[in-house]
């Protein structure tokens, strides 16, 4: 069966999801997670995109990205193909690593940006991997909730939507995450 034509986006905000083929693990150890993050960093330098939030789950990835004057498909193809070749070599792997194409959900409103970042960062809690999002090492949660340094994340856009004071931004972000958990 032929793949359907993907609409090419050259700008906008997107919630991007990439899944392991047949729900298989993408990340088996810390080096795998670190490699994916370094791959993101490398392609951020090559392509004009901003990364506002992420969560690397054992078998899938969530990214909240803003694309300007670039192809989202080209960016994700480069990131996922680079990680695939590294993974293939490390694990002597054959076959498909990724489950088809990535999914991308356009985000039209700025107010949804905060909700989307919370959704992404609460994945480990919803999956039962952690009881608190702050304990999960492979997400951007601690950047917004506690001001942790992370050069991969472009924080200003989401933070400025919350407040103009850093301490207030962090407190409101944590409160928003707790409120989102209470809605489950």
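Laboratory data are not the source of any read-out in this text; all were calculated from the coordinates shown. Fair warning: this is a prediction, and the values are worked out from it, not measured in the lab. Cβ sites come from the backbone with ideal geometry, for glycine too, and all protein chains shown count toward neighbours.
Relative contact order, whole percent, for the chain stands at 26, derived from Cα pairs under 8 Å and 6 or more residues apart. On a 0 to 90 degree scale, rounded to 10, what angle separates helix 72-91 from the longest Cα axis of the chain? Approximately 70 degrees, to the nearest 10. Each principal axis of the stretch 12-182 carries a Cα extent, and these read 48, 38, 25 Å when sorted largest first. Note down the Stokes-Einstein diffusion coefficient of the stretch 90-138 in µm²/s, whole number, using a Kirkwood radius over alpha carbon pairs, 37 °C, and 0.692 mPa s. In µm²/s, the coefficient is 239. The residue 137 and residue 71 beta-carbon pair, evaluated with R₀ = 25 Å, returns a calculated FRET efficiency of approximately 0.20. Between 0 and 90 degrees, rounded to the nearest ten: what's the tilt of helix 30-46 against the longest Cα principal axis of the chain? Result, in degrees: 90.
The calculated 222 nm mean residue ellipticity attributable to helices in the chain amounts to -14000 deg cm²/dmol, summing -39500 (n - 2.57) over DSSP H runs of n ≥ 4 and dividing by all residues.
Between the Cα long axis of helix 110-121 and the first principal axis of the chain there is an angle of about 70°, rounded to the nearest 10. A full extension of the chain between residue 34 and residue 129 corresponds to an added length of 32.4 nm, given 0.36 nm per residue minus the alpha carbon distance. Averaging 1/r across all pairs of distinct Cα atoms in the stretch 59-129 and inverting the result yields a Kirkwood radius of 14.4 Å.
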